[in-house]
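The values are calculated or read from the model by the stated rules, or taken from the named source; none is laboratory data. Keep in mind that what you see is a predicted model, and the values were worked out from it rather than measured. Here the Cβ positions follow ideal geometry from the backbone for every residue, glycine too, while neighbour counts run over all protein chains shown.
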C-alpha cells in the first residue's frame, strides 16, 4: 500500500535532491581551484560555528529549564519575574541583543566587577566570541522555557500524586516521573530550536567572530566570487541542519516505539 502523503514512509525525494546538491558542490571543490580555496577557507569557521551552537544551546537549555521551574513556582513573585524575563527576551531581536550584550552589558558587568575591589578586569579581556554565546543563551532560554513548561504540564497529575503517595521526594518525582515523560513531548520543539540555533549562530558574524558566515564575507570581499562563496556557505549550513534534523527524527521514532 502506498503511504499517505506526509508520513514517515514517504520516499525522501527532498533528501536525494539535497544530497545531489552536496555532491555537486563537492565535485566543484575537487575540480576547481577557486572552489577548493573557498571551501578550505570556510571549513576553518565550521569549528567556531559548532562551538557557538553547542555551548550556547547547552547553556540555554539549562537556563530554560530553571526558568520553566520558576514559572511553575508556588510563589507569585517568582512566577511574575520569570514571565517578565521571558516576554522581554522574546520581544528583542537576537541581533539587537547580541550588540547590547557585547557593547553595553559586558562593559557594565566589568565596571561592577572592578567596583567590588576584585582583581581588575578589562572589557577587552572578555572575547567577543563569549559575549555572543552569552547573548544567544539569554535569548534562547526564553523560548526553551516555554517548551519545557509545556512538556512538564503535559504529564498526568495523577502520576505525580501516585509518586507522592509512594514517598518520593520532589527531586525524585521530577527525575523519575516527570522528566522522562515530558521529554517525549519536549523533543520535537526542542530539536527545532536546536536546528534554529545552528542558523542563528551565523549572527555572531556581526561581532567579527570568525564563524562560517564571517569567513564567507571575508572570502567574497577578497575574491569577488559572491555566487560561489555564498553557495558554499549555504551548503555548509544545510549539511549541518539536515544532519541534525535526521538524527532528531530518528530519535523521535525510537521514542515512539
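Structure summary
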read-out: From the options 102, 60, 81, 56, residue that is touching a helix residue (DSSP H, G or I) at 6+ places or on another chain (Cβ under 6 Å) and either at pLDDT below 95 or more than 21 Å from residue 195 (Cα to Cα) (or both); value: 102
read-out: Test for residue 172: is it part of a helix (DSSP H, G or I), farther than 30 Å from residue 101 by Cβ and touching a helix residue (DSSP H, G or I) at 6+ places or on another chain (Cβ under 9 Å); value: yes
read-out: Exclusive hit being out of contact with any strand residue (DSSP E or B) (no Cβ under 8 Å at 6 or more places or on another chain), modelled with pLDDT of 90 or more and assigned to a helix (DSSP H, G or I), set 235, 203; value: 203
read-out: Given (1) under 11 Å from residue 38 (Cα atoms); (2) surrounded by fewer than 16 Cβ atoms within 10 Å (Cβ to Cβ), index of the condition residue 234 fails; value: (1)
read-out: Checking residue 110 against (1) at pLDDT below 95; (2) surrounded by fewer than 16 Cβ atoms within 10 Å (Cβ to Cβ), the condition it does not meet; value: (2)
read-out: Some residue of the stretch 191-214 being farther than 29 Å from residue 126 by Cα, out of contact with any helix residue (DSSP H, G or I) (no Cβ under 8 Å at 6 or more places or on another chain), surrounded by fewer than 16 Cβ atoms within 10 Å (Cβ to Cβ) and without any contact (Cβ under 8 Å) to a residue 12 or more places away in the chain; value: yes
read-out: Residue in the stretch 145-158 that is farther than 29 Å from residue 173 by Cβ, touching a helix residue (DSSP H, G or I) at 6+ places or on another chain (Cβ under 8 Å) and buried (at least 16 other Cβ atoms within 10 Å of the Cβ) present; value: no
read-out: Unique match (being modelled with pLDDT under 85 and closer than 30 Å to residue 179 by Cα) among 20, 27, 9; value: 9
read-out: So residue 182, is it over 21 Å from the mean Cα position of the chain (by Cα) and either free of Cβ contacts under 8 Å to residues at least 40 places away in the same chain or surrounded by fewer than 16 Cβ atoms within 10 Å (Cβ to Cβ) (or both); value: no
